[in-house]
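Chemist: Have a look at this one.
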Amino acid sequence: MAGKKKEIQIQTIISDQNQWDEMLLTNGIVEVLTYAVGIIKPDDVLAGHVEEIKKKIKDAGFDIKADEERMLTEEQIRVFYAQNKEEPDFDAFVQFMMTGPCQVLIITKKEATDAIPHWKDLRKTSYSGEPEEKVKLPGLTKPESLVNICDVQDSVEDASRQLAFFFPNFHASEAEHHIERTLAIIRPNLLKERRESILQRIKDDGFQIAMQKEIILSEEQVRLFYKEHVGQDYFLVLLEQMTSGPTLVLALTRENAVSHWRGLLGPKTLEEAKENPESLRAQYAIENVPINQLHGSSSLTDAQKELEFFFPEEQTFALIKPEAAKTHKDEIIKKVKDAGFSISRVKEQALTREMAEQFYKDHKGKPFFEELVNCMTQGPSVIMVLSKENAVEEWRNLMGPADPEEAKKTCPESIRAQFAHDILSNAVHGSSNIEHAVRSIRFLFGGLDAD
Ligand code: ATP
Ligand code: MG
């Protein structure tokens, strides 16, 4: 059965050229980093065995890079255990896996080899794997491989695919370089007065802006985000300031992003910050405003929570228009996956005129409306629900501007720059806001996905 012990070893993933080059540079002794997705099943999670199992994994010389309790969807289970799908009780197993939360892990191991292996050889040795693991697990009578502790998959291809599937934001090379994400907030006064300057400063300090959102915060949002501060003497000023105009919220990435950004900000209060004139809170203080103008997460755990607060996992509706579905489907789907989206639902279907009209009803009456409907109904479209943090905005960014000529100028990497035929057959569609996304998903799939 799917859960049974398999004779597999953890496998090697060389995720990108840089990582590969770096390995070759390590002169003779090559340290190979291996990654796998591991799943601890619901019965063990419910019985409270997670910590014990994680300890066994660590005692066996592995490291756990990510670790999340999740209810898996049927699709995720079927993909992870695809190799077992022919087994007679597979459906029952899938049902069992949905009876409670699983613990999903990214497990890594460094292995030293004494030669520079050829890529092909490396792949061969890495997954033919000797069944007899070298590591003896304490408390177990026979030598055990990792797979006897929790479920892992058994080929390089599976491992890399599943890593992307379960942890779309995980990048092996980033984990090695301590690339982190932190949340930065540029408060309304600073945003209004010195937006370009602060954004430039952030980039000059080596940060990349992975996600951004400009929002006018409601009182409720401020009270929720700063719930630890409600009741402090400065809270009402903070509330008044934070709701006074648009705020820019950024997900920043770089090496050690959390501590680096905190270090740059300097002390919390303006009085203290001013004693440290190099600090950003001193440099970007706004006259007559008593609170600092920049926020940064205080720890990795806080960063994760704060990022989820402002950039929750979202679903958007996406469609590959008929002309592009015929000619560039695979390339577009590859770009979608490479950008870290999970494809939660997908079907190929030709829109009826009625559907296309409903779909673009906001454009009814515009001179191009009839042509647009014709173009949308000329053959099958690929219709998808995409999931990711901030998915609506991220998908629109990946699509690029509606007019391919403009897209080529302003966003040459975008899908429309690369695959659009003309402004009507411009390769893809995406919802323009979350309400439209919910409406379109309901319209074409009959409701939001459970996850
Ligand atoms: P979409 O809604 O398809 O994701 P969008 O939100 O970038 O694209 P909209 O302004 O909503 O662009 O236009 C919807 C579609 O109508 C565009 O994808 C494009 O094919 C078509 N369209 C928009 N403007 C024009 C125009 N001026 N001439 C011809 N077609 C247009
Ligand atoms: Mg639109």
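Chemist: Tally up the residues in the range 243-268 that are in a loop (DSSP other than H, G, I, E, B), touching a strand residue (DSSP E or B) at 6+ places or on another chain (Cβ under 8 Å) and within 16 Å of K192 (Cβ to Cβ), please. Lay out the reasoning, then the answer.
Modeler: Going through the range 243-268, the residues in a loop (DSSP other than H, G, I, E, B) turn out to be 243-246, 256, 266-268.
Filter again for touching a strand residue (DSSP E or B) at 6+ places or on another chain (Cβ under 8 Å), leaving 246, 256.
Still in the list and also within 16 Å of K192 (Cβ to Cβ): 246.
Result for the range 243-268: 1.
Chemist: Can you pull out the residues in the range 404-426 that are within 12 Å of ligand 1 (Cβ to nearest atom), more than 19 Å from F317 (Cα to Cα) and not in a loop (DSSP other than H, G, I, E, B)?
Modeler: Answer for the range 404-426, where residues must be within 12 Å of ligand 1 (Cβ to nearest atom), more than 19 Å from F317 (Cα to Cα) and not in a loop (DSSP other than H, G, I, E, B): P404, E405, E406, A407.
Chemist: Take residues that are touching a Gly at 6+ places or on another chain (Cβ under 8 Å) and tell me which of the helices (runs of 4 or more DSSP H) falling wholly in the range 287-403 contain 3 or more. Before the answer, list the steps.
Modeler: Values: elements: 300-310, 322-327, 329-338, 353-359, 369-376, 391-399.
By residue number, 322-327, 391-399.
Chemist: Does the range 320-339 contain any residue that is within 16 Å of ligand 2 (Cβ to nearest atom) and farther than 21 Å from D403 by Cα?
Modeler: no
Chemist: Taking R353, is it open to solvent by 70 Å² or more (accessible area, probe 1.4 Å), free of Cβ contacts under 8 Å to residues at least 40 places away in the same chain, of a type in the set (D, E, K, R) and within 14 Å of ligand 2 (Cβ to nearest atom)? Before you say what the answer is, go through the steps one by one.
Modeler: Details: open to solvent by 70 Å² or more (accessible area, probe 1.4 Å): yes; free of Cβ contacts under 8 Å to residues at least 40 places away in the same chain: yes; of a type in the set (D, E, K, R): yes; within 14 Å of ligand 2 (Cβ to nearest atom): no.
For R353, the condition - open to solvent by 70 Å² or more (accessible area, probe 1.4 Å), free of Cβ contacts under 8 Å to residues at least 40 places away in the same chain, of a type in the set (D, E, K, R) and within 14 Å of ligand 2 (Cβ to nearest atom) - is not met.
Chemist: With the condition kept exactly as written, say whether any residue in the range 278-285 is in contact (Cβ under 8 Å) with a residue 40 or more places away in the chain, under 17 Å from D204 (Cβ atoms) and touching a Ser or Thr at 6+ places or on another chain (Cβ under 7 Å).
Modeler: no
Chemist: Do we find that I333 is within 17 Å of T316 (Cα to Cα) and touching a Leu at 6+ places or on another chain (Cβ under 6 Å) in this structure? Working first, answer last.
Modeler: Numbers: within 17 Å of T316 (Cα to Cα): yes; touching a Leu at 6+ places or on another chain (Cβ under 6 Å): no.
For I333, the condition - within 17 Å of T316 (Cα to Cα) and touching a Leu at 6+ places or on another chain (Cβ under 6 Å) - is not met.
Chemist: Would you say Y360 is over 24 Å from H421 (Cα atoms) and not aliphatic (A, V, I, L, M)? Quick ask: steps written out before the conclusion?
Modeler: Numbers: over 24 Å from H421 (Cα atoms): no; not aliphatic (A, V, I, L, M): yes.
Here the answer is no, as Y360 does not meet what is asked.
Chemist: In the range 45-92, which residues are without any contact (Cβ under 8 Å) to a residue 40 or more places away in the chain and farther than 20 Å from A164 by Cα?
Modeler: A47, G48, H49, E51, E52, K55, K58, K85, E86, P88, D91, A92
Chemist: Quick one: is L300 under 23 Å from L183 (Cα atoms), open to solvent by 50 Å² or more (accessible area, probe 1.4 Å) and in contact (Cβ under 8 Å) with a residue 12 or more places away in the chain? Before you say what the answer is, go through the steps one by one.
Modeler: Details: under 23 Å from L183 (Cα atoms): yes; open to solvent by 50 Å² or more (accessible area, probe 1.4 Å): yes; in contact (Cβ under 8 Å) with a residue 12 or more places away in the chain: yes.
For L300, the condition - under 23 Å from L183 (Cα atoms), open to solvent by 50 Å² or more (accessible area, probe 1.4 Å) and in contact (Cβ under 8 Å) with a residue 12 or more places away in the chain - is met.
Chemist: With G266, G231, G206 as the choices, which residue is on the phi > 0 side of the Ramachandran plot, loosely packed, with under 12 Cβ neighbours inside 10 Å and in the same structural domain as L183 (by TED's automatic domain parsing)?
Modeler: On the way: G266 fails: loosely packed, with under 12 Cβ neighbours inside 10 Å; G206 fails: loosely packed, with under 12 Cβ neighbours inside 10 Å.
Going through G266, G231, G206 in turn, the sole match is G231.
Chemist: Right, here's the next one. With the structure loaded, tell me whether K213 is closer than 30 Å to F166 by Cα, in contact (Cβ under 8 Å) with a residue 60 or more places away in the chain and open to solvent by 20 Å² or more (accessible area, probe 1.4 Å) or whether it fails that test.
Modeler: On the way: closer than 30 Å to F166 by Cα: yes; in contact (Cβ under 8 Å) with a residue 60 or more places away in the chain: yes; open to solvent by 20 Å² or more (accessible area, probe 1.4 Å): yes.
So K213 fits the description; yes.
Chemist: Which of the residues belonging to the range 425-437 are open to solvent by 10 Å² or more (accessible area, probe 1.4 Å), over 19 Å from C375 (Cβ atoms) and in contact (Cβ under 8 Å) with a residue 12 or more places away in the chain? Break it down into steps so the answer makes sense when it comes.
Modeler: Of all residues in the range 425-437, those open to solvent by 10 Å² or more (accessible area, probe 1.4 Å) come to 425, 429, 432-436.
With the extra rule that they be over 19 Å from C375 (Cβ atoms), the set shrinks to 433-436.
Passing the criteria: N433, I434, H436.
Chemist: Another question about this same structure. Within the range 407-424, work out how many residues are more than 15 Å from ligand 2 (Cβ to nearest atom) and surrounded by fewer than 20 Cβ atoms within 10 Å (Cβ to Cβ).
Modeler: Looking only at that region, the number is 9.
Chemist: Take the range 356-390 and flag every residue that is within 15 Å of ligand 2 (Cβ to nearest atom), of a type in the set (A, V, I, L, M, F, W, C) and either under 30 Å from A210 (Cβ atoms) or crowded, with 17+ Cβ neighbours inside 10 Å (or both).
Modeler: Listed by number, the residues that qualify are A356, F359, L372, V373, C375, M376.
The values are calculated or read from the model by the stated rules, or taken from the named source; none is laboratory data. Keep in mind it's a predicted model, so treat the numbers as computed, not measured. Heads up, the Cβs are rebuilt from the backbone with ideal geometry, glycines too, and the neighbour counts pull from every protein chain shown. Calculation scope for accessible area: heavy atoms of the full protein, side chains included, ligands and nucleic acids excluded. Shrake-Rupley method; radii C 1.70, N 1.55, O 1.52, S 1.80 Å.
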